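Accompanying notes for the structure given below.
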Amino acid sequence: MNSVEIIEQLSNAPGVSGFEDEVIHAAGKYMGPAFSLEEDRIRNLFIHRTACECIASQKNLPKVMLDAHSDEVGFMIQSVNTSGTLKFLPLGGWNPQSISAHAVKIRNTKGKWIKGVVASKPTHFMTPDEIKKPVNIAGMVIDIGATSKKEVTEKFNIRIGAPVVPDVVFSYDSENDLIFGKAFDDRLGCAALLEIMKSHVQNDMAVDVVGVLSSQEELGLRGANISVKKTNPDVAIVLEGTPADDTFNTNDFIQAGLRKGPQIRHMDKSVLANPRFVKFAIDIAEKNKIPFQEAVRSSGGTNAGVINLHDRSVPTITLGIPVRYIHSHHGIATMTDFTNTVKWCKQILKNLNRDIIEGF
Ligand SMILES: [Zn+2]
C-alpha cells in the first residue's frame, strides 16, 4: 500500500470521537505482524516494533512518543422528532455555517451507515427576517427521508447516541498533487505516523519510538491524557493536520500555506513548545533542505498541550501538514507537504540521542 492508499483508507474510515474503531482497525491492518499493537480502554492504540522491544530495553534507550489523534469532528444524535427528522449535537468544533446542506452518515444499531442530509428551514418558508439571520445548530436537523419517529427507530434502526460523520469520499488528483477528503485533521497525521513507524530502522537509532494514535482529541485532548501516562516518554512529536491560512490571510501572516512545507508551532493556546527542541528540529530541516513554516498561534491546540505537562515535563514539538478547511466536510492538502513531514520527522528521530534530549 502506498502513501495515497493509506491516506485514502484512513480518511474514508468513519471515526468521530469515542467511535474510532474503524480507524484503529485500518491502522492495525496496515502495520502488519512486525509491530505489536495494544489498545487501552479509551481506544488509544499503541504501536511498537516487536523485534526491537528487547533491544530497546537492553540499551535503555530514551523513548520518543509519536502522537497523532485518530478521531475526527462529527456529531451525535440527540433526539428523534415526530416528523422523523433527527436533532444532533456537535462532537468537536464546528462553524455552524458550514454544516447545513451537507451529506452525513449515521451508524445504526446494526452497524450499518445510513445516509442523511443536514437540513434547515427551506428558504420558501422563511420570513424576510429569518433569511437575514444565520442558522445555528439548534435550528438544524438531520433528514434521512423518514416520515415518522417509529420509522426512524424500527425501520432505520437509529437510536439516540448514534455517531454521525460527514459523508465524503477521498479523491487524489495526481496531476496537480492534490488530495481532497474528510478528516485530514488528523488522519494525515495518523498516516504520517504509520509511515514513519514502518520505514524507520530502529536498530540504527539511539532512541526507542512508540507510535500512539490517541482518541478523543477533539473533545479536549482526552485520549492523550491517558496515553502519555502509559507511554511515559522522554520526548514527544505530535503530528497534526493543521489549519491552512493561505486563502484569507495577507502574505505577511501566512503560517500554514499549501506546498510551503510542514508547519512547526512555537506556541498555540495549549502549549509553548520546548524552544530547544524546536531549534533542533529547525536546524535539521535546514540542513536537509526540507521546506518548513513556523507558526505562533493565538488559538488552537493539540495533544502537545497535555503531553508536555506529563511528569517532569516532556519536551514536545508539533509538526503540522497544512490542510485547507479542517473541521468542515471537505479538506484540501498536497502529497508534497505530507511527504516532507514524513521526511522531516524521520530525520529528527535519526538525529536524536540521550545527550541531545538531556539538553532540551
Ligand atoms: Zn487535530
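Taken together, the values in this text are just the output of simple stated rules run on the coordinates, not laboratory data. Here the structure is a predicted model, which is why all the values come from computation and not from measurement. No Cβ is skipped: glycine too gets one built from the backbone with ideal geometry, and neighbour counts run over all protein chains shown.
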* List the residues whose amide H sits under 5 Å from the amide H of LEU272, counting only those 5 or more places along or on another chain, with H placed 1.01 Å from N in the peptide plane. => none
* Distance from region 230-305 to region 1-46 (C-alpha centre basis), Å -> 24
* Sort out for me the Cα centre separation of region 176-197 from region 328-360, rounded to whole Å. => 13
* Restricting region 88-154 to trypsin sites (Lys or Arg not before Pro) in coil, as DSSP defines it, with at most 12 other Cβ within 10 Å -> LYS110, LYS112
* Determine which residues of region 219-261 fall in the zone a paramagnetic label at LEU178 would reach in this model, i.e. backbone nitrogen under 13 Å from the point 7 Å along Cα→Cβ. => 258-259
* Percent breakdown of C-alpha pair distances by 20 Å bin, ordered from the shortest bin, for the chain -> 30, 54, 15, 1
* **In region 74-166, lysine pairs closer than 21 Å at Cα, eight or more apart or cross-chain** => 26
* Within region 312-344, backbone nitrogen closer than 16 Å to the virtual label 7 Å beyond the Cα of ASN2 toward Cβ -> 334-340
* **Length-normalised contact order of the chain in % [C-alpha pairs under 8 Å, at least 6 apart]** => 22
* Quick one: what are the phi-derived ³J(HN,Hα) couplings along region 314-329, Karplus 6.51/-1.76/1.60 with θ = phi - 60°, whole Hz, x for glycine and proline? => 10, x, 9, 10, 10, 10, x, 8, x, 10, 6, 6, 5, 6, 9, 5
* To do: Taking amide H positions as placed in the peptide plane 1.01 Å from N, state which residues far from THR242 in sequence (5 or more) or on other chains have amide H under 5 Å from it.
  => ILE321, VAL323
* Asked: Which GluC sites (Glu not before Pro) does region 165-222 hold that lie in a coil by DSSP with at most 11 other beta carbons within 10 Å?
  -> GLU175
* For region 275-336, what mean projected area does the convex hull of the alpha carbons give, in nm²? -> 5.7
* Would you work out the charge dipole size for the chain about its Cα centre, treating the Cβ of every Lys and Arg as +1 and the Cβ of every Asp and Glu as -1, and quote it to the nearest 20 debye? => 660
* To do: Provide ILE7, ILE356 in ascending order of the number of other Cβ atoms located within 10 Å of each residue's Cβ, fewest first.
  => ILE356, ILE7
* Diffusion constant of region 198-330 at 10 °C, which comes from Stokes-Einstein with the Kirkwood Cα-pair radius and 1.306 mPa s, µm²/s -> 101
* Asked: Which trypsin sites (Lys or Arg not before Pro) in region 275-360 pass both tests, a DSSP loop state and at most 15 other beta-carbon atoms within 10 Å?
  -> LYS289, ARG312
* Structure fact -> By the C-alpha gyration tensor axes a ≥ b ≥ c (rounded if a/c is under 1.5, else prolate when a/b exceeds b/c, else oblate), the shape of region 243-293 is oblate
* To do: Per DSSP H run of at least 4 residues, take -39500 (n - 2.57); add these up for the chain, divide by its residues and hand me the 222 nm value, nearest 500 deg cm²/dmol.
  => -8000 deg cm²/dmol
* Structure fact -> Placing one equal point scatterer on each C-alpha of region 74-166 and summing with Debye, one gets log10 I(q)/I(0) at q = 0.13, 0.25 Å⁻¹ equal to -0.42, -1.31
* **Rounded to whole Hz, the Karplus (6.51, -1.76, 1.60) HN-Hα couplings of region 180-193, x for glycine and proline** => 10, x, 9, 6, 4, 9, 9, 5, 5, x, 4, 4, 4, 4
* Asked: Per-residue HN-Hα couplings for region 157-165, Karplus 6.51 cos²θ - 1.76 cosθ + 1.60 at θ = phi - 60°, whole Hz, x for Gly and Pro?
  -> 6, 9, 10, 5, x, 5, x, 10, 10
* Structure fact -> The long-range amide H neighbours of ARG259, using H built 1.01 Å from N in the peptide plane and a cut-off of under 5 Å, are THR334, ASP337
* Asked: Among the lysines, which have Cα under 27 Å from the Cα of LYS63 when same-chain residues fewer than 8 positions away are ignored?
  -> LYS29, LYS198, LYS229, LYS230, LYS269, LYS279, LYS287, LYS289, LYS343, LYS346, LYS350
